[in-house]
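A quick write-up on the structure given underneath.
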Amino acid sequence: MSTKYANAVAAIRAMENSLLSRNDLDQLINTATKTERENIVASKRGSGAEELTLEGVWETIRAYAPDCRELEILLYRNDFHNLKAALKSMIAGKEPQGYYIRPTNLDLDALYPALSAKDYEQLPEYVRGTAEEAYELLTRTLDGQLADSLVDTACMRAMQRAAEKSGSDFMRKYAQLTTVCADIKTAYRCSRMKKQRSFIETAVCGSDALDKDSLVRASLGGTEGLFAYLEATSYGDAAKLLAESPAKFEKWCDDVIMELAEGARMEAFGADPLAAYFIAAEAELKNLRIISVCKESGTDRETITERMRKLYV
Amino acid sequence: MTNGLVLAILGAALAALLAGIGSAKGVGLVGEAAAGVVSVDPSKFSKVLILELLPGTQGLYGLLTAILMLSRVGVIGGSPAELTMAQGWSFFIAALPIAVVGLISAIFQGKTAAAGVGITAKKPEHNGKGIIMAAMVETYAILALLVSILLTYNINI
């Protein structure tokens, strides 16, 4: 049993006490005003506590475990989003800063200048090739959607590669589940939009859990064909939810990742509890956003409750 | 000084050395975890301190065995006994239970207590359960200490 990150895990365990519980969410759903919601959240966090942000959570985790490279996989989606933002800003001649997502592993000040100068060597190895390929594709075809698909697929592949390299089961499963969710979503959209095989082949990544060729073939057969294929895999439940509504499928995607994170609650050492805390904070922020938006639009309590993502605590 | 006496002194040194190393590792690990909790919630210091102390006992058992042994052979007291090789080996072997079990149990107790720090961090009211779980490991260190003392006192000089 590795005793790595004993200090970081214990600190994270103490921080988990300030995450919102199911009762807190119920209270938030029952509030009438924004001020009431802010008061509930503030009382949970304790006096003088900073607002929960993913950037803050990431900085805290890195302060306790600065050498934990496997956690960087959690930010790959942000990294590749930022790559897309920088590429598109470059083509459109705009400033990219407003489109970036944080936290990220990339040096955002260096990203745009590096892409503009085509100096890909300045970028981390896992985005280098994709940046060059996406830039070439974008300038040649001016097809933003195709370039996005290429970057998204490259992101999933990079996650899988990095997770494999890390040797962490948690990260392997995280990368696999993230890829499966992204692939199903992409295949569904492609089948609805009746996209060509060549496009789908670029947009779908594939994984050990969901074979790329089968998924491409299934999505060429329309949504019926896709659902029929998914029903035969271990993602039959997800297919049913997707057939009902994409929002339910989105919730399923978040919940399976949270189920993975829940496994780390029993672990006293290692990087998994740190990753799980980051995922928990992500889910909490998403829940707060959903409550806020739903309350503003006057959505009823039952619907908001249905939309709530699984919690870690 | 006879070779037998050298063996007995070596045994006493091993008892203090190995058990002490185990305790240092165990206490260090719990200390790391405890510092993590205290950095977020300083009010939990006293609770995590109890857990941190637990793996320190093996070092004390090793020290106690070493003192008893050195006293038995007369090194403490100023009149060292003329031990035969057989007597020297007997003292050396008598030191092994606490030396080896002390080393291993302190490390494992440290891991258990560090995990217990996680309980204290999340559910301070269940702190006692973490202490009990870590204290269970202590049983084997106590048994080893008992065997080492019994052996030490039953060697004919």
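How big is the A/B interface in buried accessible area, both sides summed, 1.4 Å probe, to the nearest 100 Å²? Can you show the working numbers first?
On the way: alone 15450 and 7860 Å², together 22100 Å².
Chains A and B together bury approximately 1200 Å².
Under a 1.4 Å probe, what is the accessible area of the protein assembly as shown per residue, stated in Å²?
On the way: 22100 Å² over 470 residues.
For the protein assembly as shown, the per-residue accessible area is 47 Å².
Can you pull out the trypsin sites (Lys or Arg not before Pro) in the range A:92-196 that DSSP calls coil and that have at most 13 other Cβ atoms within 10 Å?
Working: sites: A:Lys94, A:Lys118, A:Arg128, A:Arg140, A:Arg157, A:Arg161, A:Lys165, A:Arg172, A:Lys173, A:Lys185, A:Arg189, A:Arg192, A:Lys194, A:Lys195; in loops: A:Lys94, A:Lys118, A:Lys194, A:Lys195.
Answer by residue number: A:Lys94, A:Lys118, A:Lys194.
At 4 °C and a viscosity of 1.567 mPa s, what translational diffusion coefficient does Stokes-Einstein give for chain B, taking Rh as the Kirkwood radius over Cα pairs? Give it in µm²/s as a whole number. It would help to have the intermediate numbers written out before the result.
On the way: Rh = 16.2 Å.
Rounded, D is 80 µm²/s.
In chain A, carbon and sulfur make up what percent of the accessible area (probe 1.4 Å)?
On the way: 6980 of 14850 Å².
Exposed carbon and sulfur together represent 47 percent of the surface.
Under the definition of Cα pairs under 8 Å and six or more residues apart, what whole-number percent is the relative contact order of chain A?
Values: 341 pairs, mean separation 70.8, N = 313.
Once divided by the residue count of chain A, the mean separation gives 23 percent.
So what's the gap between the Cα centers of the range A:93-136 and the range B:79-115, to the nearest angstrom?
The distance from the Cα centre of the range A:93-136 to that of the range B:79-115 comes to 60 Å.
For the protein assembly as shown, what does the convex hull of the Cα positions come to per residue, in cubic angstrom?
Values: hull volume 93.3 nm³, N = 470.
Hull volume normalised by residue count: 199 Å³.
Exposed loop GluC sites (Glu not before Pro) only (DSSP loop, at most 13 other Cβ atoms within 10 Å): please give the longest stretch of chain A free of them, not including the sites.
Numbers: sites that count: A:Glu50, A:Glu51.
Result for the longest clean stretch: A:52-313.
For chain A, just give the cysteines left without a disulfide-compatible partner, judged by no other Cys Cβ under 4.7 Å.
A:Cys68, A:Cys155, A:Cys190, A:Cys205, A:Cys294
Using Cα springs under 10 Å in a Gaussian network model of chain B, which residue among B:Ile93, B:Ile119, B:Ile76 shows the largest mean-square fluctuation?
Largest GNM mean-square fluctuation: B:Ile76.
Quick one: of A:Lys195/A:Lys248; A:Lys165/A:Lys212; A:Lys34/B:Lys44; A:Lys165/A:Lys240; A:Lys185/A:Lys310, which pairs are farther than 31 Å apart, Cα to Cα? Please report the intermediate quantities before stating the final value.
Details: A:Lys195/A:Lys248 24 Å; A:Lys165/A:Lys212 21 Å; A:Lys34/B:Lys44 34 Å; A:Lys165/A:Lys240 34 Å; A:Lys185/A:Lys310 20 Å.
Checking Cα-Cα distances, A:Lys34/B:Lys44; A:Lys165/A:Lys240 exceed 31 Å.
Let me check I have the definition right: for the range B:72-157, take the eigenvalues of the Cα gyration tensor, multiply each by 5, take square roots. What are those semi-axes in whole Å, largest first?
The answer is 39, 11, 10 Å, longest axis first.
The values are calculated or read from the model by the stated rules, or taken from the named source; none is laboratory data. From a predicted model like this one, the values you see are computed outputs, not experimental measurements. Reconstructed Cβ throughout: ideal geometry from the backbone, glycine too, with neighbour counts over all protein chains shown. Accessible surface areas use protein heavy atoms only, side chains included; no ligands, DNA or RNA. Shrake-Rupley method; radii C 1.70, N 1.55, O 1.52, S 1.80 Å.
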